[in-house]
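Right, one structure below, let's go through it.
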Amino acid sequence: MEKNKPHILFLADGGSVHTQRWALSLKKEGFKVSLLSRTFSDTDVFIQNSVAIAPFLPDGKWTWLTARSKVKRWCIEQQVDIVHAFYATNYGLLMAVSGFKPNILTVMGTDVFSYTEKSWLHEKSTAWILSKVTVITGASEALCKRVMTIRNRPNHVLKIPFGIDTQKFAPFDNKLKSAHSFNNDFVKVIAVRHLEFKYGLDILVKAIALVQLKAGDIKISVDIYGEGKESKELQDLIAHFGLEEIVNLKGKVKPENVPGILRNAEIFVAPSREESYGVAILEASACGLPVVGSNVGGIPETIEDGVTGMLFETENPSQLADILIELSRNRDKRIGMGREGRQRVLRLFDQEVAIKKMADLYLSLKK
């Protein structure tokens, strides 16, 4: 650890790609980083990079309240300077009841959107957690504004995006040429999402059915990567429209395989009904793809409409179909949008930019 850089304790999902990126990136910046979590997919990735693993949290619904002594003890024994929790209503709750300060809470989306909308009690309990936080960060303006509606503390809410590894998420070596050198009459569309209602993949399937009706001359294929409870419903919908040879449910994909999958596609679609940010969109843009997304939540922040991609109104498969037809018929437009998208990610959302913002926040709190 470099002199004067604080020791950070992460309270977060150890199996999350986001947790791993933040922890490992900050470690490279010279911060001492520890992690306390209920779940780990692979502890080796942390241990090999000298990220200290705190004792695992116990199972059970009361974990977030009963484990507070474990947090306090770790902070004292390991001389922690700042506690940083990810997700308000579990790790954020644990941080709040531990009483340690200064602290940071990064809200993720559902913790301040759908969770707080369940009842008056859910909203009030979340507001209480937010009241115990020194600084709250959110990846998008939409998230930050939502936090403000729950707990109006403008000086304590900062926008810090989840950065994109633009070395990992990049077009083929010879830029965009190879990534888009497919048959001009054939267009490959891709979506990488959990198969859940809020992500609107049924809207995409309906749009493809309309593409076939409106422009039967266009050769198009759609690969949907992900798993979830909507899998059967989507498969039934695909069969209903007779799209079995066009739309393919590819199942779960390993994170390390996502860049290669993106490079071999031509259009990325995010038809969400609810979206707090849009990391997958930015990853696709970084790989040089034009992106099409619904005009909800944080998606408009990740797509510059008409420049890096195109927006459509959610629950409007006809509008989505028209956009897909337009892009399918205009290869130059696809390539141009993909090129602009990558440049925008490099300028605004590169991982190094995000890490610097978070590092500056840590340093400001240690003073």
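What to note about this one:
- Straight-line cross-link partners of LYS198 among the aspartates and glutamates, defined as a Cα under 17 Å from its Cα and at least 8 positions apart when in the same chain: ASP111, GLU117, GLU227, GLU230, GLU233, GLU274, GLU275, GLU313, GLU315.
- Directionally averaged shadow of the stretch 246-342, computed from the convex hull of its alpha-carbon atoms, nm²: 6.1
- Normalised size of the chain, defined as Cα radius of gyration per 2.2 N^0.38 Å with N residues, equals 1.04.
- By the count of neighbouring beta-carbon atoms within 10 Å, fewest first, ASP332, ASP350, ASP360, ASP165 end up ordered ASP332, ASP360, ASP165, ASP350.
- Globularity ratio of the stretch 176-348, using Cα Rg and 2.2 N^0.38 Å: 0.93
- Membrane-span-like helices in the chain (whole DSSP H runs, Cα extent of at least 18 Å along the helix axis, mean Kyte-Doolittle hydropathy of at least 0.0): 201-214, 351-366.
- Within a straight-line Cα-Cα reach of under 17 Å, LYS168 can be paired with the following aspartates and glutamates, leaving aside sequence neighbours fewer than 8 residues apart in one chain: GLU256, GLU283, ASP350, GLU352.
- Panel order for MET358, MET95, by other beta carbons found within 10 Å of each beta carbon, from fewest to most: MET358, MET95.
- Per residue convex hull volume, Cα atoms of the stretch 293-335, in Å³: 51
- Binning the C-alpha pair distances of the stretch 288-364 at 10 Å intervals from 0 yields a P(r) profile of 19, 40, 25, 12, 4, 0 %, listed from the shortest bin outward.
- Ordering ILE150, ILE8 by the number of other Cβ atoms within 10 Å of each residue's own Cβ, fewest first, gives ILE150, ILE8.
- Links that overshoot a 20 Å alpha carbon limit, given the list LYS188/LYS214; LYS5/LYS28; LYS124/LYS357; LYS118/LYS232; LYS32/LYS357; LYS32/LYS145: LYS124/LYS357; LYS118/LYS232; LYS32/LYS145
- In plain terms, the C-alpha convex hull of the stretch 2-111 casts an average shadow of 6.5 nm² when viewed from every direction.
No value in this document is a laboratory result; all are computed from the given coordinates. These figures come from a predicted structure and were not determined experimentally. Here the Cβ is made from the backbone with ideal geometry for all residues, glycine too, and neighbour counts use every protein chain on show.
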